[in-house]
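Below is one structure, written out as structure tokens; comments come after it.
The values are calculated or read from the model by the stated rules, or taken from the named source; none is laboratory data. Predicted, not measured: the structure shown is a model, and the values here were computed from it. For neighbour counting, all protein chains shown are included, and Cβ atoms are generated from backbone atoms with ideal geometry for every residue, glycine included.
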Amino acid sequence: MVSEMDVFQRNERILKRNRIIHKILGQAAIWLVLVLMYIPIGVLIVYSFSANDVIGGEVFNFSFIQYSRLFTDAEIMTALGNTLILALASSALSTILGTAGAIGAFYSKRRARSVIENVTQIPVVNAEIVIALSLTVMFVFVGTYIFAGANLFSFWTLLIGHMILSLPFVYLSVKPKLIQMDPALYEAALDLGCTPNQALWKTTMPEIAPGILSGFMLSITLSLDDFIVSAFTRGAGLLSGDKTIDTLSTLVQAKIKKGPIPPAMRALTTIIFIVVLLIVIGMTVYRNVMAKRVKKRAGREAK
Amino acid sequence: MAMSQNKPAKSGGLKRFFAFKRKYLAFPYFLFLALFVIVPIAIILVYAFTGTSADGSLYFSFDALVSFFTSPTKVNVLVVSLFLGILNTVICLLIGYPIAYLLADKKVNQNYVLVMLFVMPMWINFVLRTGATRDVLNWMGIVGGKYPYLATMIGLVYNYLPFTILPLYTTMIKLDKSQIEAARDLGANPVQTFFLSILPQSVPGIVSAAEMVFMPTMSSYVISDTLSEGKLTLFGNIIYLNFSQSMWNEGSFMAFIMLLLIAISMALTRKVGKGEGRERGSGLW
């Protein structure tokens, strides 16, 4: 005869087994999709260590030649430089303008604020190609009718294009921090003798700093990844000198239109991948540390 | 003396008028957006409903509208784009939804790094990723020139999957666990639990994921152009084409259609999901 205890134990065992099966199947599904997702990038990374001009082939030909090719390839290096300068410049400007905009809108009357918010939403929901084309049409229009047929396309138009892409996102990252902020802080600073300007820098800014930082990072991401807006709004300038500015996106697009990804760019992919991976790991560690600190503080306050 | 900006000192109207107020900070921001967002769209709208005469001056006309709707090619492109947009959204949701659920399920995964791995491709230049996808597909024998639809679909799913997983994951970790357990305890089978508790709770995530995939797919240019070797034209490509051939009125009209579609989808989704993190890349940083 089976005792009640045995039944209980058996049920426990079955439950535990089910839990393990659930976990294994779940993990398997996650990893399957993950592996599939990384195949293209993975293949490029593996073949960045091959001297072959195209991926595949009978012999792998292990070598680091793609890396030395990469660093001596003037075209890629110029595009890389342009991309980085553009990303940093547009993100910095967007961050300043967007943060000021968010603070200003937050303290505006409701009517004005809702107008600003609605305009902010336009580039967020708009298709990138419409953003790019409408800007281009305007630059041509202004160049033709106001500057007597001048060609306005340059680094500046490209910069404006990238700023339009990222500006709303800075605004939207800073806004929630302003909402969370304790409004008494600013008033207290004023009462303690700060000028409005000082109060802004000493109370508001530190409170919304995380929002500003995430807005900046998001701007960099958007700028680095953009193709359409760059392709339309660019002109001559930056490191390209008298020639039309090439960013990484436009250069890669021009290359892959003609044939496979140039071998040196496989090395570039590997380097980008490693940099991104390091950032991701760093961010995860930072996130965990912050979470622990918050937990500790909460624990201390509870005591 | 305490002096808050709500109670300005009475030292002359002019000085008070120019005294620093926090709301003034919004002015350059608004001006910039007005100049480079509103004005360009206004110009596009003007071009959409005008014709260009030989000397370059504009006159009011519906020529662009007529030329769009009487051209079977253009209407066909619109229909194909809508279809591929829907198809891509559905496929991304079908793959992304279970993955996001599993990632957020504490019993399966407690590792945040795994979530980041799904999002990471977003940080690698998308043109490079698209090229890589095409090269690997070519290597496997799926040549864009021969199978334009298949190759483009694979490329689209590859590109937009991370954008689906992220908003879904953010919704999933906020699922009300006690409600799901209550449903189970009260005798709901797994299917019922899913359709009556989990799915309704995750609607905002589904909506924002769909928003991030549908319109960008329709207007995508690089992916379809690269993966189909130029065989498949999406709405984004045809707008691009019209503008690069200096057919501004026609191109503007199609951009206008695009804006209209965006407005419609916004109106639809605003009703369903009470707009939670529906921005591109929200929660990314």
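Things worth noting here:
- Hits in the range B:99-121 - residues which are part of a helix (DSSP H, G or I) and more than 7 Å from chain A (Cβ to nearest Cβ): B:Ala100, B:Tyr101, B:Ala104, B:Val115, B:Val119
- None of B:Leu45, B:Leu87 is of a type outside the set (Asp, Glu), within 11 Å of another protein chain (Cβ to nearest Cβ) and assigned to a helix (DSSP H, G or I) except B:Leu45.
- Residue in the range B:68-84 that is assigned to a helix (DSSP H, G or I), over 27 Å from A:Ala231 (Cβ atoms), facing chain A (nearest Cβ under 7 Å) and not aromatic (Phe, Trp, Tyr) present: no
- Selection status of A:Arg69, in contact (Cβ under 8 Å) with a residue 40 or more places away in the chain and basic (Lys, Arg): yes
- When each of A:Leu277, A:Leu239 is tested for being more than 9 Å from chain B (Cβ to nearest Cβ) and part of a helix (DSSP H, G or I), the lone residue that passes is A:Leu239.
- Any chance A:Val124 is part of a helix (DSSP H, G or I), at negative phi and at pLDDT 90 or above: no
- Where B:Gly144 falls short, out of the listed (1) buried (at least 22 other Cβ atoms within 10 Å of the Cβ); (2) closer than 30 Å to B:Phe195 by Cβ: (2)
- Candidates A:Thr203, A:Thr136: the one that is part of a helix (DSSP H, G or I), hydroxyl-bearing (Ser, Thr, Tyr) and within 18 Å of B:Ile38 (Cα to Cα) is A:Thr136.
A quick yes/no check of all residues on (1) more than 8 Å from chain B (Cβ to nearest Cβ); (2) more than 30 Å from B:Tyr47 (Cα to Cα):
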| position | (1), (2) |
| --- | --- |
| A:Ile30 | no, yes |
| A:Asn52 | yes, yes |
| A:Gln66 | yes, yes |
| A:Thr78 | yes, yes |
| A:Gly81 | yes, yes |
| A:Ala89 | yes, yes |
| A:Ala105 | no, yes |
| A:Ala112 | no, no |
| A:Leu133 | no, no |
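- Criterion (of a type outside the set (Ser, Thr, Tyr), surrounded by fewer than 16 Cβ atoms within 10 Å (Cβ to Cβ) and at pLDDT below 85) met by exactly one of B:Gly230, B:Gly281: B:Gly230
- Of the helices (runs of 4 or more DSSP H) entirely within the range B:160-263, those holding at least 3 residues that are within 30 Å of B:Phe68 (Cα to Cα) and either of a type in the set (Val, Ile, Thr) or touching a strand residue (DSSP E or B) at 6+ places or on another chain (Cβ under 9 Å) (or both) occupy B:222-227.
- Filter pass, A:Val119 being farther than 25 Å from B:Pro216 by Cα, facing chain B (nearest Cβ under 10 Å), in a helix (DSSP H, G or I) and among the aliphatic types (A, V, I, L, M): no
- Filtered residues of the range B:16-38 (kept if closer than 25 Å to A:Asn197 by Cα, at pLDDT 85 or above, touching a Leu at 6+ places or on another chain (Cβ under 9 Å) and not aliphatic (A, V, I, L, M)): B:Pro28, B:Tyr29, B:Phe32
- Any hit, the range A:2-22, residues being under 30 Å from A:Ala264 (Cα atoms), within 14 Å of chain B (Cβ to nearest Cβ) and modelled with pLDDT of 85 or more: no
- The set of residues from the range A:47-77 being within 26 Å of A:Thr247 (Cβ to Cβ) and surrounded by fewer than 20 Cβ atoms within 10 Å (Cβ to Cβ) comprises A:Asp53, A:Val54, A:Ile65, A:Tyr67, A:Ser68, A:Arg69, A:Phe71, A:Thr72, A:Asp73, A:Ala74, A:Glu75, A:Met77.
- Counting only helices (runs of 4 or more DSSP H) that fall entirely inside the range A:1-115 and contain at least 3 residues that are small (Gly, Ala, Ser) and out of contact with any Gly (no Cβ under 7 Å at 6 or more places or on another chain), the qualifying elements are A:4-47, A:74-106.
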